[in-house]
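Chemist: The structure's right below; bear with me while I get my questions together.
The values are calculated or read from the model by the stated rules, or taken from the named source; none is laboratory data. For clarity, every value in this text was computed on a predicted model and none was experimentally measured. Virtual Cβ from ideal backbone geometry, glycine too; neighbours counted across all protein chains shown.
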Amino acid sequence: MKLVGIPAYNEEKTIGDIVKKSLKHSDRVIVVDDGSTDNTADIAKQSGATVISHKKNQGYGASVITLFDRAREENADILTIIDGDGQHDPEQIPLLVDTLQENNVDVVIGSRFLESNSTTPGYRKRGIKIITSAANFGSDFKVSDAQSGFRSYSKKAISSIHPTETGMSVSTEILLKISNKGLSIAEVPITVSYNGETSSEHPIPHGISVLLNTLKFVSVKHPLPFYGFPGIVLVIVGSVLGYQFLDAYLNKQAIFIGSLMATIVLFLLGAILCVTAVILFSMATLIREKS
Ligand SMILES: Nc1nc2c(ncn2[C@@H]2O[C@H](COP(=O)(O)OP(=O)(O)O)[C@@H](O)[C@H]2O)c(=O)[nH]1
Ligand SMILES: [Mg+2]
């Protein structure tokens, strides 16, 4: 059974059209109405979708979590997730689904950056590129669009990916989980429209929060470069300052309180980072051995 899932938060203007077009390319369309205060749920139902309503607005990721849970319950063969605001074109669902089936891959991502005539605004493109680099650093593969919400998942992907992030960073979380589980991935070019109301969140705070959340996942996976390296640098700088302090004290009987304080602070910070790196590294190894 082919499912299409649509996270939707106040999308009454576009949801009806998206549901009807998605139904042409699937057996069932599920709309997660994420605490909308407009007519999203009613319009989605009238257009032929199954609607799951969150009582309160919980965020894009929470809607994705609900879709994965539901796809598992329904024993779906393929789950395609597409935005409800009209930025993605449901007529392109077969591009993803066919690639998934014909190439026998577990996840297909619709990328807005594979076509040279991509219409993504410049600042947004740069932000997504940074987030994508961070996500790629943490995974065994490289994608061109880590923040794309237009994706198809195989049965194996549906059963093994359990997202937890309730915000927009769920997209990079899922990428890292795809890598950790050794699932296969492919990208296909899609078009993304930037006409009308395409985004409900301000791009700068949104971009920063997604980046920080992505770094959280990546740093747990690679604790040595993230915590160990800066830790060692701080310990070395602290030692140099400590040597200067001792040198001044022993040879000139001068006490530089500033150097002493800096030495202590840098040493402590460095040591904490090194210990964090070792703990995370051992935990990651333990978890890998268990799973
Ligand atoms: N921003 C936001 N989108 C949500 C939420 N819950 C579901 N969505 C849906 O997630 C999709 C993508 O959201 P959007 O704000 O357009 O993200 P962007 O296009 O990546 O900036 C849309 O279909 C929204 O309706 C939520 O709490 N916040
Ligand atoms: Mg949008």
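Chemist: Could you list all residues from region 141-162 that are over 24 Å from Gly86 (Cβ atoms) and either basic (Lys, Arg) or touching a residue at least 40 places away in the same chain (Cβ under 8 Å) (or both)?
Modeler: Passing the criteria: Phe141, Lys142, Ser154, Lys155, Lys156, Ala157, Ile158, Ser159, Ile161, His162.
Chemist: May I pose another question? Take Thr40 and decide whether it is crowded, with 21+ Cβ neighbours inside 10 Å and within 16 Å of ligand 2 (Cβ to nearest atom).
Modeler: For Thr40, the condition - crowded, with 21+ Cβ neighbours inside 10 Å and within 16 Å of ligand 2 (Cβ to nearest atom) - is met.
Chemist: A further question follows. Do we have Gly16 as out of contact with any Phe, Trp or Tyr (no Cβ under 7 Å at 6 or more places or on another chain) and within 10 Å of ligand 1 (Cβ to nearest atom) here?
Modeler: no
Chemist: Return only the number of the condition from (1) within 11 Å of ligand 1 (Cβ to nearest atom); (2) at positive phi that Gly48 does not satisfy.
Modeler: With respect to (1) within 11 Å of ligand 1 (Cβ to nearest atom); (2) at positive phi, Gly48 is out only on (1).
Chemist: State all residues of region 27-37 that are closer than 20 Å to Asp98 by Cβ and crowded, with 21+ Cβ neighbours inside 10 Å; if no residue qualifies, say none.
Modeler: The answer is Val29, and nothing else.
Chemist: While we're on this one: Listed residues Thr119, Thr198, Thr172; which is within 16 Å of ligand 1 (Cβ to nearest atom), over 20 Å from Ala76 (Cα atoms) and without any contact (Cβ under 8 Å) to a residue 60 or more places away in the chain?
Modeler: Result of the check over Thr119, Thr198, Thr172: Thr172.
Chemist: Oh, and also: From the list Ser193, Ser209, which residue is in the same structural domain as Ala62 (by TED's automatic domain parsing), under 24 Å from Tyr9 (Cβ atoms), within 18 Å of the chain's Cα centre (by Cα) and of a type outside the set (A, V, I, L, M, F, W, C)?
Modeler: Ser209
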